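S.K.: Supplied in structure tokens, the structure appears directly below.
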Amino acid sequence: MKRLFLMLTLLIPLPGCEDQCGDDVAKFFDVQGIKWQADRVSLSGQTIGTLRSGETVDRASLQLRLAVVARYYSLQRTTAGQAFACTPAPLGYQGTSERVDSLVVLSRYDYDAAHPAGRPLNDLLKVNELLVLQGVRVTSRSIAEADGQPVQGLLLQFTQAPTASAQQQFIVRYRQTNGELYVAETPMITIVP
């Protein structure tokens, strides 16, 4: 009986985060960066490995991977006598103002005649959601979720081969409505049409 009473006494002030915490509570996050890499994939879509500088890959086996590095907070406020399964929200935190404004993929070198160096390649990209993403729109200007939630991860593949076998380096610009801009680039790789 003493053990049961002790257990109940300890559990009452320790509500934890319940369902108010974690990656599924998008309101309470802070984007801290992005990860951007080029992968070699099999015909079935399985990742074989990450491409390193100087490696060659055919267009059908090339996959670009974007992951947003975000820190999530609990909806619970810090008060005495509580424990949290995730970091509590900072004092005065009212939710994030970070919303996706645009995500643009560029090439450092000419991809084809219609896509010279520095021109967006978004119209050549097929988007596969890495995590559950609803309402992702793809245009020649941006890739962003329609409801403005953070794009947690995208897998991108080219729908069209480059004009010729050539070295490429892909740059991603992830811009948020609060003005934060994250830029990353892949290593230099050679793409075979």
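The values are calculated or read from the model by the stated rules, or taken from the named source; none is laboratory data. These numbers were taken from a predicted model, which means no experiment stands behind them. Heads up, the Cβs are rebuilt from the backbone with ideal geometry, glycines too, and the neighbour counts pull from every protein chain shown.
S.K.: Any residue that is polar (S, T, N, Q), in a loop (DSSP other than H, G, I, E, B), modelled with pLDDT under 90 and touching a Ser or Thr at 6+ places or on another chain (Cβ under 6 Å) - is there at least one of those in region 114-133?
M.R.: Taking every residue of region 114-133 in turn, none turns out to be polar (S, T, N, Q), in a loop (DSSP other than H, G, I, E, B), modelled with pLDDT under 90 and touching a Ser or Thr at 6+ places or on another chain (Cβ under 6 Å).
S.K.: Exactly one condition in (1) modelled with pLDDT of 85 or more; (2) of a type in the set (A, V, I, L, M); (3) surrounded by fewer than 18 Cβ atoms within 10 Å (Cβ to Cβ); (4) assigned to a strand (DSSP E or B) is false for VAL69; which is it?
M.R.: Answer for VAL69: the failing condition is (1).
S.K.: Right, next: If you go through region 149-179 one residue at a time, how many are at pLDDT 80 or above, under 21 Å from VAL31 (Cα atoms) and part of a strand (DSSP E or B)?
M.R.: The total comes to 9.
S.K.: Now for a separate question. At pLDDT below 90, loosely packed, with under 15 Cβ neighbours inside 10 Å and either under 20 Å from LEU62 (Cα atoms) or touching a Phe, Trp or Tyr at 6+ places or on another chain (Cβ under 6 Å) (or both): does that describe THR139?
M.R.: So THR139 does not fit the description; no.
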